[in-house]
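Below you'll find the structure, written out as C-alpha cells, and then a few comments.
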Amino acid sequence: MEQTYIKAINIALHEEMRRDENVFIMGEDVADLGGAFKATEGLLAAFGEERVIDTPISEALIVGAGIGAAVLGMRPVVEMQFADFISCAFDQIVNMAATLRYRHGGKAACPLVVRAPSGAGVHGALFHSQNPEAWFTRVPGLKVVAPATVYDAKGLLKSAIRDGNPVVYFEHKRLYRSIKEDLPEGDFTVPIGVAEIRKEGGDLSLITYGGTLGPSLDAARIVEKEDGLAVEVLDLRTLLPLDREAVLATARKTGKVLIVHEDRLTGGIGGEIAALISEHAFEDLDGPVRRVAALDTHVAFSPPLEQTILPDTNRILEAIRGLAAY
Amino acid sequence: MPETIGARGEAEPSPRIEYELQLYYWMKLIRAFEERVSRLHRQNKILGGVYSGAGQEAIVTGICAPLKDGDFVAPLHRDMGVFIMRGVEPSRLMAQLMGKETGLSRGKDSFLHGGDMEHFVFGSTSMLGSSLPVAVGAALKFKMKRDPNIAVAFFGEGASSRGDVHEAMNFAGVHKLPVLFVCENNRYAYSTPLEKQMAIEDVADRAEAYGFKGHVCSGNDLLAVLEVTERVVDKVRAGEGPALIECKTYRYRGHSEHDAALYRDKEELIEWESRDPIPRFEFYLEKKGHDIKRIREQIDEKTNQVVQQAVDYAEQSPLPDPKEALEDLYASPAASVTPSSNSNSNHGAR
Ligand SMILES: Cc1ncc(C[n+]2csc(CCOP(=O)(O)OP(=O)(O)O)c2C)c(N)n1
Ligand SMILES: [Mg+2]
C-alpha cells in the first residue's frame, strides 16, 4: 500500500511497541496530540499513557530519563519536537549516553532512540530548519541514521529500536508528506551502517543522504537524458558508522565524486567523506572531490534567502556537469 | 566486622546494636579509604582528579543503609562511600582509581565515573547535575514495571543550579516517581560560597515548588540522616512520590587534592571539624554502654586491613592493553547488557 514517510515512522512505532513491551515513547505533545507532526498518532489509544508519555518542555530530561530507563533494560524512543532543540539535550546525548558503555567497562548498555525531525525547505527559518547531524557524527558510542525513503524510514527506525546503543534518528520534515512509496506490510528492518546504491552509473559518483537524495536523483536523471552521463547515486542512510566500503567502492568505480548534503558545507560530513576518499582512493581519482551543501550561514527565512542558501537540483546539476567536464 | 563487639553486659548483641556497629564500621571504612586515597594521590600513585568526601561520610552511610537490593543510585563526584555501601568491592574501586584493567571501567574513566550496574550504581559523567534526569528515568522504569525499587540521586548544592536538576525534579513531581533526591550541601562549589550560588539558605525549599517535600537535616549526624531517610524512603517506595533530603555538611579537604582551599576561613574549617560525624557517633555508642576504645581499635584494625588489601590488589592488577582503547564503545544488538542480578552483597554482614 502507498504510504508517506511520516506514516512509515508511525507504523514502525506501532509495530515495535506491539512487539516489545519495553518500548515506550516520551516527548513533548506526543500523546494526545500525536506529536507536532503526527508521528506518534494513535499510540496513546493503542498503548495507554504509561507507554506514551507527554513531557514538559525539558529536552535534557527527555533524553536523560530515556537513558535511565534504557540502562535498566527498557527501549525508549524519545522525540525532540524539532531537531533544532536537540542542542538543549546535547550533553545528555554526547556525554551521558555516548560514553555510558565505555565508562562502565562494557558492562552496561543504553538502547535509546532519539528521533529528531530535521531539515529545511518548510519555511522554518533559523530554528526550525537545522540539520545538526554533524554535531553527532563524530561521537563514538552513538549511531546516527538519516533515512531518505519511506521504506528506510520504517526499516531503519525498527533497527534503531532493536539496537543496543543510543541511536539518533534524523527524519527529514520535508519528506514527511512529500514522498510516497508502496510500503511492504509487516516486519522488516534496514541494517544500520549499510549504504544503498539508488542508481547505478559509471561516469561519476554522487554521495548523499536524507533530504538531498530526491534532488540528487532528479539531477542524475536529467544529465542522463540531456548529457548522456551515467551518475551513480549512493544513499548513505547511516552517517555513523559510515559505510566506508560503499563510499570507497563507488569512488574507485567512477573516479569522480560529488558529495551532496543539506547540512552546511563547513564541518559537514562531506568533508570527512572527501578525506576518506583522498586517503584511500587517491590513485583511482580522475578529478577533485567536490561538495554541494548549504551555504555557510544560517537557514534564513525569506524565500529568496532560503533558496539561495539551500542546495537544489540546479546547483547539483551544475556541479555534476562541472565535475564531468574536469 | 569483628563478632566480639557488643554492648557492655549483653551476652548476645541485639539486631539494632549490630546494625549500629555496622554503620560505625562503614563510616570508619569510608573515612579510612578516603584518607588512603588522598595519600596515594600525594604519592602519585593515583593520577587524575581526586575529590575527597572526608567529613561527609554520615550522609552516604545514612542514606544508603536503608536502601534495598536493586535500588538505583547515582552518586556525586565525592561519594566514594556510595560504592562501598552498595557492595562494590573496595579492591575494584581502588583499581578503578588507579586506572587498572580490574577497575569498574577497565581503565576507561577516572575516579568515580566508572559505574557498576551489577550493583545498580550508575557511573555519572563530570557534568554536574546531569545524572538527575537519568535517575528520574530509572524511577520511571520502576514505576512502569511495578518494581519495588527506588532511584536515589546525589548532588551538590552547586549542581543544584543546573537546569537539568530543575527538569528532573519537575518531571519527577508531575509523575510522582519513586526517586529520592539527596543534596549534600557543603556550602561551597569549588571556591564559590553558598551566598553567591543562591538567594536562599535551604535547597530543600525548592522541593515544594515541584510538588513534593523537602527535608533538611544535619549531614554530620548519622542518626539524623538515618532517621529522616528511613522515614522518607518508605514513603517514596510506597508510591507517594519523590522527596528531597538536604544534608548540611562541610568538606574537609580542598575541592580536589590540587586545591589548598585558601578561600575558606581557617576558623570555619575548625568549627566543622569539631562536628565530625565519627566522634559524634562514637559518643552515642559510648553512651549506650559500648566499650568504644576497644571497638575503635578492632574496627581500625579491620578497616586498615580492608584498605590495604584493596591497595595491594589494585597495585598488583595489570594496566589495560592499549588496544582496549577502542573496545566497549558499542553493544552488539543481541548482547545488550542489562543488570540481571538483584543482589547487593555488602561485604561485612549487617
Ligand atoms: C556542568 C559542570 N560545570 C563545572 C564543573 C566543574 N566543577 C566540578 S566540581 C565543581 C563544584 C561542585 O560543587 P557542588 O555541586 O556543591 O559539589 P561539591 O564539590 O561541593 O561536593 C565544579 C564547578 C563540572 N564538573 N560540571
Ligand atoms: Mg558543594
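The values are calculated or read from the model by the stated rules, or taken from the named source; none is laboratory data. All figures in this text were calculated on a predicted structure; none of them were measured in a lab. Positions of Cβ are backbone-derived with ideal geometry, glycine not excepted, and every protein chain shown enters the neighbour counts.
The table below lists the values:
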{"quantity": "The lone exception for A:HIS298 - which of (1) under 17 Å from A:ALA134 (Cα atoms); (2) touching an Asp or Glu at 6+ places or on another chain (Cβ under 7 Å) it fails", "calculated": "(2)"}
{"quantity": "Any chance A:SER159 is within 14 Å of chain B (Cβ to nearest Cβ) and closer than 15 Å to A:ARG237 by Cα", "calculated": "yes"}
{"quantity": "Region B:126-139 - residue that is closer than 12 Å to A:GLY64 by Cβ and in contact with a Gly (Cβ under 7 Å, 6 or more places away or on another chain) and, of those, farthest from ligand 1 (Cβ to nearest atom)", "calculated": "B:ALA138"}
{"quantity": "Of all residues in region B:297-311 being free of Cβ contacts under 8 Å to residues at least 24 places away in the same chain and surrounded by 12 or more Cβ atoms within 10 Å (Cβ to Cβ), the one that is nearest to B:ALA95 (Cα to Cα)", "calculated": "B:GLN308"}
{"quantity": "Test: A:GLY124 is small (Gly, Ala, Ser), surrounded by fewer than 22 Cβ atoms within 10 Å (Cβ to Cβ) and at pLDDT below 95", "calculated": "yes"}
{"quantity": "Residue among B:PHE122, B:PHE155 that alone is within 16 Å of ligand 2 (Cβ to nearest atom) and in contact with a helix residue (DSSP H, G or I) (Cβ under 8 Å, 6 or more places away or on another chain)", "calculated": "B:PHE155"}
{"quantity": "Selection count where residues are surrounded by fewer than 24 Cβ atoms within 10 Å (Cβ to Cβ) and not in a strand (DSSP E or B), scope region A:221-241", "calculated": "11"}
{"quantity": "Pairs with Cβ under 9 Å, 6+ apart, first in region B:222-251 and closer than 16 Å to B:THR61 by Cα and within 16 Å of ligand 2 (Cβ to nearest atom), second among the polar types (S, T, N, Q) and outside any loop (DSSP other than H, G, I, E, B)", "calculated": "B:ILE245/B:THR229; B:GLU246/B:ASN185; B:CYS247/B:ASN185; B:CYS247/B:SER218; B:LYS248/B:ASN185; B:LYS248/B:SER218; B:THR249/B:ASN185; B:THR249/B:SER218"}
{"quantity": "Which listed residue, of A:GLY211, A:GLY141, A:GLY255, is on the phi > 0 side of the Ramachandran plot and outside the structural domain of A:ALA89 (by TED's automatic domain parsing)", "calculated": "A:GLY255"}
{"quantity": "Some residue of region B:83-100 being facing another protein chain (nearest Cβ under 8 Å), under 16 Å from the mean Cα position of the chain (by Cα) and of a type outside the set (Ser, Thr, Tyr)", "calculated": "no"}
{"quantity": "Residue match in region B:196-211 (condition: of a type in the set (Ser, Thr, Tyr) and under 15 Å from B:LYS248 (Cβ atoms))", "calculated": "no"}
{"quantity": "In region B:108-125, residue farthest from B:SER317 (Cα to Cα) [restricted to those that are out of contact with any strand residue (DSSP E or B) (no Cβ under 7 Å at 6 or more places or on another chain) and more than 8 Å from chain A (Cβ to nearest Cβ)]", "calculated": "B:HIS119"}
{"quantity": "From the options B:GLY49, B:GLY70, B:GLY55, residue that is in contact (Cβ under 8 Å) with a residue 40 or more places away in the chain, more than 15 Å from the chain's Cα centre (by Cα) and within 16 Å of ligand 2 (Cβ to nearest atom)", "calculated": "B:GLY49"}
{"quantity": "Subset tally (residues that are part of a helix (DSSP H, G or I) and in contact with a strand residue (DSSP E or B) (Cβ under 6 Å, 6 or more places away or on another chain)) for region A:185-216", "calculated": "5"}
{"quantity": "Selection count, region A:185-207, where residues are more than 14 Å from chain B (Cβ to nearest Cβ), without any contact (Cβ under 8 Å) to a residue 60 or more places away in the chain and surrounded by 16 or more Cβ atoms within 10 Å (Cβ to Cβ)", "calculated": "6"}
{"quantity": "Top-ranked residue in region A:55-85 [being surrounded by 24 or more Cβ atoms within 10 Å (Cβ to Cβ) and of a type in the set (Val, Ile, Thr); ranked as farthest from B:LEU128 (Cα to Cα)]", "calculated": "A:VAL77"}
{"quantity": "Test: residue in region B:188-197 that is more than 12 Å from ligand 1 (Cβ to nearest atom) and touching a strand residue (DSSP E or B) at 6+ places or on another chain (Cβ under 6 Å)", "calculated": "no"}
{"quantity": "Residue count, region B:159-187 (criterion: away from ligand 1 (no atom under 16 Å from the Cβ) and over 12 Å from B:LEU244 (Cβ atoms))", "calculated": "7"}
{"quantity": "Residue within region A:81-92 that is within 13 Å of chain B (Cβ to nearest Cβ), under 20 Å from the mean Cα position of the chain (by Cα) and small (Gly, Ala, Ser) present", "calculated": "yes"}
{"quantity": "Qualifying residue in region B:71-90 (condition: touching a Lys or Arg at 6+ places or on another chain (Cβ under 9 Å), more than 30 Å from B:THR303 (Cβ to Cβ) and hydrophobic (A, V, I, L, M, F, W, C))", "calculated": "no"}
{"quantity": "Residue in region B:58-81 that is surrounded by the fewest Cβ atoms within 10 Å (Cβ to Cβ), counting only those that are part of a helix (DSSP H, G or I) and within 13 Å of ligand 1 (Cβ to nearest atom)", "calculated": "B:GLY81"}
{"quantity": "Those residues of region B:266-288 which are surrounded by 16 or more Cβ atoms within 10 Å (Cβ to Cβ) and part of a loop (DSSP other than H, G, I, E, B), in sequence order", "calculated": "B:ARG275, B:ASP276"}
{"quantity": "Complete set of residues in region B:171-185 that are surrounded by 24 or more Cβ atoms within 10 Å (Cβ to Cβ) and either touching an Asp or Glu at 6+ places or on another chain (Cβ under 7 Å) or in a loop (DSSP other than H, G, I, E, B) (or both)", "calculated": "B:LEU177, B:PRO178, B:CYS183, B:ASN185"}
{"quantity": "Candidates B:GLU246, B:GLU282, B:GLU268 - the one that is among the acidic types (Asp, Glu) and over 19 Å from B:ARG187 (Cα atoms)", "calculated": "B:GLU282"}
{"quantity": "Which numbered condition A:ALA116 misses (of (1) among the small types (Gly, Ala, Ser); (2) facing chain B (nearest Cβ under 9 Å); (3) touching a helix residue (DSSP H, G or I) at 6+ places or on another chain (Cβ under 8 Å))", "calculated": "(2)"}
{"quantity": "Positions within region A:288-311 being surrounded by 16 or more Cβ atoms within 10 Å (Cβ to Cβ), of a type outside the set (A, V, I, L, M, F, W, C) and not in a helix (DSSP H, G or I), in sequence order", "calculated": "A:ARG290, A:ARG291, A:PRO311"}
{"quantity": "Among the candidates B:ALA204, B:ALA168, B:ALA159, B:ALA138, residue that is within 30 Å of B:PRO279 (Cα to Cα), touching a residue at least 24 places away in the same chain (Cβ under 8 Å), crowded, with 18+ Cβ neighbours inside 10 Å and within 14 Å of chain A (Cβ to nearest Cβ)", "calculated": "B:ALA159"}
{"quantity": "Options B:LEU132, B:LEU128, B:LEU112: the member that is within 16 Å of ligand 2 (Cβ to nearest atom), modelled with pLDDT under 95 and not small (Gly, Ala, Ser)", "calculated": "B:LEU112"}
